[in-house]
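Read through the structure below, which is laid out as structure tokens, and then see the notes.
The values are calculated or read from the model by the stated rules, or taken from the named source; none is laboratory data. Note that the structure is a prediction, hence the values are computed from the model and not measured. Cβ placement follows ideal geometry from the backbone for every residue including glycine, while neighbour counts extend to all protein chains displayed. Keep in mind that these areas ignore ligands, DNA and RNA; they rest on the heavy atoms of the full protein, side chains included. Shrake-Rupley method; radii C 1.70, N 1.55, O 1.52, S 1.80 Å.
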Amino acid sequence: LPPLVPAKLGGSTLVVVPENGATILPLSRSDSYGDAVGSSLAMRAVFAMLERAAPTDETILLLGESGTGKEVLARAIHANSHRRNGPFAVVDCGALAPTLVESELFGHVAGAATGLTSDRAGLLEQANGGTVLIDEIGEMPLDLQPKLLRAIESREVRRVGSNKVRPFDARIVAATSRDLQQLVAA
């Protein structure tokens, strides 16, 4: 591609921006990562990034169109981390009613809403020692985003209807098919 000329590929727009000098892009020696398979330079570069990131506890964001294997990669990240023996939990923000996402992630106490008759730990607590995939995070309700950020930063959750905070030790991997930069700009 010529520099600075946008090119559309599916729902993505690529722009080549020249920088100072050449960039060395590390490539994986493998043409697979977990159950994800790809021998192209682009996929081997992705695999190399994930191989370096998996052993850390850093929060990871996977961006890609629907059906590109984001959950497959998240499972491989978990399997290649020191958390591999802990739980792997998934919450799909796109499949849940917006009012249920908070309870699903953070849990709730009995009586917090009609029909809630017992306390329930959310996925962040349930996945203690493991990994939580927050799928389609771009669909998360706006009012819940600051609460999630606070939980990730403090490593504590407050169940819906409770004043008590509870620590959790789960790695966060988030995934979305939405253009988050465009959503922030909007």
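Every condition in (1) open to solvent by less than 20 Å² (accessible area, probe 1.4 Å); (2) touching a His at 6+ places or on another chain (Cβ under 9 Å) is met by residue 157 except one, and the failing one is (2). Remark: pairs (first residue in segment 24-43, without any contact (Cβ under 8 Å) to a residue 24 or more places away in the chain and within 20 Å of residue 75 (Cβ to Cβ); second residue among the small types (Gly, Ala, Ser) and open to solvent by 60 Å² or more (accessible area, probe 1.4 Å); Cβ separation under 8 Å; 6+ apart in sequence or on different chains) = 31/39. Considering each residue of segment 98-118 in turn, at least one proves to be touching a helix residue (DSSP H, G or I) at 6+ places or on another chain (Cβ under 7 Å), free of Cβ contacts under 8 Å to residues at least 24 places away in the same chain and open to solvent by 50 Å² or more (accessible area, probe 1.4 Å).
Per the listing 180, 149, the residue uniquely under 15 Å from residue 61 (Cα atoms) and open to solvent by 70 Å² or more (accessible area, probe 1.4 Å) is 149.
Condition check ((1) modelled with pLDDT under 95; (2) over 17 Å from the mean Cα position of the chain (by Cα); (3) hydrophobic (A, V, I, L, M, F, W, C)) across all residues:
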| residue | (1), (2), (3) |
| --- | --- |
| 9 | yes, yes, yes |
| 16 | yes, yes, yes |
| 32 | no, yes, no |
| 49 | no, no, yes |
| 55 | no, no, no |
| 61 | no, no, yes |
| 77 | no, no, yes |
| 85 | no, yes, no |
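Among the residues making up segment 78-91, those that are surrounded by 15 or more Cβ atoms within 10 Å (Cβ to Cβ) and over 14 Å from residue 144 (Cβ atoms) are 78, 79, 80, 81, 83, 86, 87, 88, 89, 90. Only a single item in (1) in contact with a helix residue (DSSP H, G or I) (Cβ under 8 Å, 6 or more places away or on another chain); (2) under 30 Å from residue 38 (Cβ atoms); (3) open to solvent by less than 30 Å² (accessible area, probe 1.4 Å) is not met by residue 168, and it is number (2).
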